[in-house]
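What follows is one structure encoded as structure tokens, with my remarks underneath.
Quick note: the coordinates plus some simple rules give every number you see, no bench work behind them. Treat the numbers as computed from the prediction; the structure is a model and nothing was measured. Here Cβ is always computed from backbone atoms with ideal geometry, including for glycine, and neighbour counts include all displayed protein chains.
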């Protein structure tokens, strides 16, 4: 449970609903800028994520650093995304994903059997998709 209430940005927003501020001719995400001002620079590839799931919030105590996968895991753990069988166009289920991971055949052959593309099979086998299965 978060101790402080959200600090909500009332200025400009981007098309995804996040607050933006212009500094020295460059746009920055408000929550990212707030985190950096409080904690210092971030390594390349790191995101500033919200515990509160409020895009306009810039309360530093509500923010945490993670990579793309950390953000996706946080999103899925909070049931804020459609994944797996919850996705509206899902062709696979958990049993099929387990079978795909165990299948030693070429990825394009597996993809053809399941009616999906080879890149999805690659992402499943490398745990980039269906990582909860």
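Given the C-alpha centroids of the range 24-42 and the range 1-23, what is the distance between them in whole angstrom?
Here the answer is 12 Å between Cα centres.
Treat the count of other C-beta atoms within 10 Å as a stand-in for reagent exposure and order 35, 58, 114 from fewest to most. Please report the intermediate quantities before stating the final value.
On the way: 35 22, 58 25, 114 17.
If I rank by nearby Cβ atoms, fewest first, I get 114, 35, 58.
Once fully extended, how much extra length lies between residue 43 and residue 60, figured as 0.36 nm per residue of separation less the alpha-carbon to alpha-carbon distance? Before the final figure, lay out the partial values.
Working: separation 17, 0.36 × 17 = 6.12 nm, distance 1.78 nm.
Gain in length upon complete extension: 4.3 nm.
Over the range 20-77, with a single point scatterer placed on each C-alpha, what log10 of the ratio I(q)/I(0) does the Debye formula yield at q = 0.15, 0.22, 0.28, 0.29 1/Å?
Relative scattering, expressed as log10 I(q)/I(0), comes to -0.43, -0.89, -1.25, -1.29.
As a test of the formula, what do you get for the chain when each DSSP H run with n ≥ 4 contributes -39,500 (n - 2.57) and the sum is divided by the residue count, at 222 nm and rounded to the nearest 500 deg cm²/dmol? Display every interim value, and only then the final one.
Values: 5 runs with 45 residues, N = 133.
Roughly -9500 deg cm²/dmol at 222 nm, from the helical runs in the chain.
For mean projected area of the Cα convex hull in nm², one of (i) 10.7; (ii) 7.2; (iii) 13.8 was computed from the structure I shared and the rest are decoys. Which label?
(i)
Take the Cα atoms of the range 63-111, find their three principal axes, and give me the spread along each one in whole Å, biggest first.
Each principal axis gives a Cα extent; for the range 63-111 these are 43, 23, 15 Å.
Can you pull the one-decimal nm distance between simple spin-label points at residue 26 and residue 8, each 7 Å off the Cα toward Cβ?
Going by the 7 Å Cα→Cβ label model, 3.0 nm.
Does anything in the range 102-127 have its amide N under 13 Å from the 7 Å Cα→Cβ label point of residue 91, and if so which residues?
108-122
When Rg is the radius of gyration of the Cα atoms in the range 86-125 and Rh is its Kirkwood radius, what does Rg/Rh come to?
Numbers: Rg = 9.4 Å, Rh = 10.2 Å.
Here the Rg-to-Rh quotient is 0.93.
Taking 0.36 nm per residue of separation and subtracting the Cα-Cα distance, what length does fully extending residue 36 through residue 76 add? Write down the numbers at each step before the final one.
Working: separation 40, 0.36 × 40 = 14.40 nm, distance 2.55 nm.
Residue separation times 0.36 nm, minus the Cα-Cα distance, leaves 11.8 nm.
For labels at residue 106 and residue 128 in the simple 7 Å Cα→Cβ model, what's the distance in nm?
Roughly 2.1 nm, to one decimal.
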